[in-house]
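Step one of this worksheet: look at the structure below.
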Amino acid sequence: PVLEPVLLDVQLGGYSIDKYLYPNDPAKPPLTGVPRAKASELCQQAGGRLCTELEWERACKGPQVAGSPGGAPQGTMFAGGDAWDPACAKAPASCGSGFGVLGMGAALREWTASDVAPIENVQPKAAAVRGARGDAGAVDHRCARRVGLDAAQGAEDLGFRCCYGAPNAATIPAPPWRQTFR
């Protein structure tokens, strides 16, 4: 979808998130190509855990700002602004969210600890992935965009970052399956 989902009030507890993709070192390239279980294991070895998708989205959108459409406070549509900046795909470490987290949604997709619920017989249960490849269209770089992937797969454009603190159990319910009409 090219539209932002309806805003829901979700309460998240305190947590922290790595500024950079794993290994959270600006002098090293992000680790890619690992399945989600390996990413989770590496975060645990670093004293953290994989971020939930809502934690990832919150860090991407940045601080809440008042005066948004509908009156509900919200962050930005893309990490660092309300419009996609194609320069972020070429230099992700120069593009930060309002919280100072760099490269979110810019050039790599990222594993999260969350799952995408199955949709009847259309999509099986899958691992939630946030972000987009550098060559993706602007709409794919939105903080709210997610896709479901097989958790056992890895890809060269798929990295991860770690979060710290108790995992937030908050989720957003899947919308009900409804008949489509033409």
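The numbers here are math on the coordinates, done by the rules we state, and not lab data. Note that the structure is a prediction, hence the values are computed from the model and not measured. Cβ coordinates were reconstructed from backbone atoms using ideal geometry, including for glycine residues, and neighbour counts include every protein chain displayed.
For Lys38, go through the lysines and keep the ones whose alpha-carbon is under 18 Å away, minus same-chain ones fewer than eight residues off.
Cross-link targets: none qualify.
Check the straight Cα-Cα distances from Lys61 and name the aspartates and glutamates below 14 Å, setting aside those fewer than 8 residues away within the same chain.
Excluding near neighbours in sequence, the set is Glu4, Glu53, Asp82.
Using modelled backbone amide H atoms (1.01 Å from N, in-plane), which distant-in-sequence or interchain residues come within less than 5 Å of Ala155's amide H?
Hits under the 5 Å cutoff: Gly33, Val34.
Mind listing the phi-derived Karplus ³J(HN,Hα) values for segment 10-20, rounded to whole Hz, using 6.51, -1.76 and 1.60 with θ = phi - 60°, and x for any glycine or proline?
Each residue of segment 10-20 in turn: 10, 9, 10, x, x, 7, 10, 9, 4, 5, 10 Hz.
Quick query: amide H of Ala113 versus all other amide H atoms, modeled in the peptide plane; which residues come in under 5 Å with a sequence gap of 5 or more or a different chain?
Close amide H contacts, sequence-distant or interchain: Cys51, Thr52, Glu53.
Put a dot 7 Å past each Cα toward the Cβ at Asn24 and Asp115; how far apart are the dots in nm?
Output for this residue pair reads 2.7 nm.
Fully extended, how many nm does the chain gain between Ala155 and Asp9 (0.36 nm per residue separation, minus their Cα-Cα distance)?
Net length gain for the segment: 49.2 nm.
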